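Okay, so here's the structure we're looking at.
No lab work stands behind these numbers, since they all come straight from the coordinates. If you're wondering where the values come from, they're calculated on a predicted model, not measured in any experiment. Positions of Cβ are backbone-derived with ideal geometry, glycine not excepted, and every protein chain shown enters the neighbour counts.
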Amino acid sequence: MTARVLVVDDILPNVKLLEAKLSSEYFDVVTARNGREALEAVARDKPDIVLLDAMMPEMDGFEACRRMKSNPLHAHIPVVMVTALNDVEDRVRGLDAGADDFLTKPVDDVALLARVRSLVRLKFVMDELRMRQLTGASLGAVEDVAPQLGENFDDARVLVIEDDKRSAAQLTAALNGHWKVTTQGDGEQALIQAKGGSFDLIVVSASLKTDGLRLCSHLRSIEETRQVPLLLVVDEGDRKRLVQGLEIGVSDYVMRPVDETELMARARANVRRLRYQNLLRQNQQRSMAMSVTDALTGLYNRHYMTTHLGTILSRPEGARSCALMVLDIDHFKSVNDKHGHAAGDEVLREFAQRIQRTMRGTDLACRVGGEEFVLVMPETDLNAAVAAAERLRQAMDGEPMKVAGLPEGLKVTCSIGVTPTRADDSIETAFKRADGALYEAKNGGRNRVCTAF
Ligand SMILES: [Mg+2]
């Protein structure tokens, strides 16, 4: 994993120490000596993670963090605040400023690398999602994510896995005021609950009698819980288990004795991250679907069809063996006029369904305009294409289409033009011929198939 780390500290030996540790693990290190320099370096060097000393002259770490996190261009870069040992107040201040994590001085080697690796891994995932989000937005297919994601996580669900009664009560009480908390002392039961519960956060005690780390490892390997943030509760000084936990893929941790403010702040940060990732993923799926399909019928849209046809025509053997079919619903305007647009939409949907039921798997069906549809049929000679067109014509002409409010349904027919594509065809010339055949079918009395060469 090659990542760029920005190390910020006002004391030169501290900078040198962290730089040496990270460089020896092949991280690319850049440095700054105060908050102001740090902000400049963030803009200039685009680091993947920032290690930020809390106490510095000019502009301290808290202020630098706050400014970074309020800049939409840099807010996604993880910040690890480096604070004095066990200064809980500083940690809470850091979380309020938007820091993603903490290290305490003197910085422990193993914790440093585990932390940096885990946050960088997360950032790479987020970068990928953000990039696809931008692609979607540039196609006009998705809205910006930020306005959709409020800071209101009142509906968050948390599973607390702890077999020590007193600790369970404390953890539950701290989270309960904010969220819906389920507490479970048995590891096996917890696993079952976690699978079925769609939790936003799972808090696991490392000191479970049934082995908290093994449980975390299970939770990471199961499809249903792989993305759910895991917050590990470790005994103070139990560095071994903490490092193991981070290696397993635990998202975050708190040390005992648990500070309730810190627990809540960390829990909230993790829930926010999960919700953000989920939102990006949903938007991405929706934008993928929206950018290639027609919302009303679920068939491919014109943009996708022309791209696909262009690919076929770009190869001579593809162009010589493909057929193009254009279908147009007869007198569709009168359906809308007589029965309303809702009825018109029902007809369009039913028409599309009948196309899908009738066509072959290799054919590509799309809605290219109001009541106009196209089938791209690779590896199809004219005879086969005409036979397919005739089947489609009959499929429409047979059963009346179901329309709400019309018990007898609606009789719908269509006219169809068919043409084989040629090696010298462009998308335009191929469509011009198919449209010519369609025009002939309309002129010849509709509800028929015509061909053009
Ligand atoms: Mg300092």
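General remarks:
- Alpha-carbon centroid distance for the pair region 364-412 / region 166-204, whole angstrom: 55
- Taking the DSSP beta bridges with both ends in the chain, the antiparallel portion is around 35 percent.
- Extent along the principal axes, Cα only, for region 1-54: 28, 24, 14 Å, with the longest axis given first.
- Amide H within-cut-off set for CYS414, under 5 Å, with H built and near neighbours excluded: ASP330, ASN447
- Whole-Hz ³J(HN,Hα) from phi, Karplus 6.51 cos²θ - 1.76 cosθ + 1.60, for region 55-63, glycine and proline x: 9, 8, x, 6, 10, 7, x, 4, 5
- Counting Cα-Cα pairs of region 188-291 in 5 Å increments starting at 0 gives whole-percent bin shares of 2, 12, 21, 22, 19, 11, 6, 3, 2, 1, 0.
- Degrees, to the nearest 10: 35-45 long Cα axis against longest axis of the chain: 30
- With neighbour counts taken as other beta-carbon atoms within 10 Å, the residues CYS65, CYS450 rank, fewest first, as CYS450, CYS65.
- Residues whose amide H lies under 5 Å from that of LEU103, counting only those 5 or more places away or on a different chain, are MET81, VAL82, THR83; hydrogens are built 1.01 Å from N in the peptide plane.
- Note on VAL8, VAL449: ascending count of other Cβ atoms within 10 Å places them as VAL449, VAL8, the fewest first.
- Listed peptides 370-378, 394-402 by packing density, highest first (mean Cβ within 10 Å): 370-378, 394-402
- Cut-off 13 Å, label 7 Å out along Cα→Cβ of THR413, residues of region 370-392 by amide N: none
- Averaged over residues, the count of other Cβ atoms within 10 Å places the peptides 165-174, 51-60 in the sequence 51-60, 165-174, highest first.
- Applying 1/(1 + (r/R0)^6) with R0 = 30 Å to the Cβ-Cβ distance of THR172 and ASP211 gives a FRET efficiency near 0.90.
- Long-range HN-HN contacts of THR31 with modeled amide H, under 5 Å: VAL7
- Degrees, to the nearest 10: 239-248 long Cα axis against longest axis of the chain: 10
- Cα centroid separation, region 1-68 to region 298-326: 53 Å.
- Both radii come from the Cα set of region 246-339: Rg as radius of gyration, Rh as Kirkwood radius; their ratio Rg/Rh reads 1.36.
- Compactness index (Cα Rg / 2.2 N^0.38 Å), region 306-453: 1.05
- The translational diffusion coefficient of the chain, from Stokes-Einstein at 37 °C and 0.692 mPa s with a Kirkwood hydrodynamic radius over alpha carbon pairs, comes to 124 µm²/s.
- Region 438-452 - phi-based ³J(HN,Hα) in whole Hz, Karplus 6.51/-1.76/1.60, Gly and Pro as x: 5, 4, 4, 5, 5, 5, x, x, 6, 6, 8, 10, 10, 10, 9
- Converting phi to 3J(HN,Hα) with the Karplus coefficients 6.51, -1.76 and 1.60 and the offset θ = phi - 60°, region 164-181 yields 7, 4, 5, 5, 4, 5, 5, 4, 5, 4, 5, 8, 4, x, 10, 10, 8, 10 Hz in sequence order, with x at every glycine or proline.
- Axis of helix 260-292 versus longest Cα principal axis of the chain: the two differ by about 20°, to the nearest ten degrees.
- Packing-based exposure ordering (other Cβ within 10 Å, fewest first) of GLU162, GLU37, GLU224: GLU224, GLU37, GLU162
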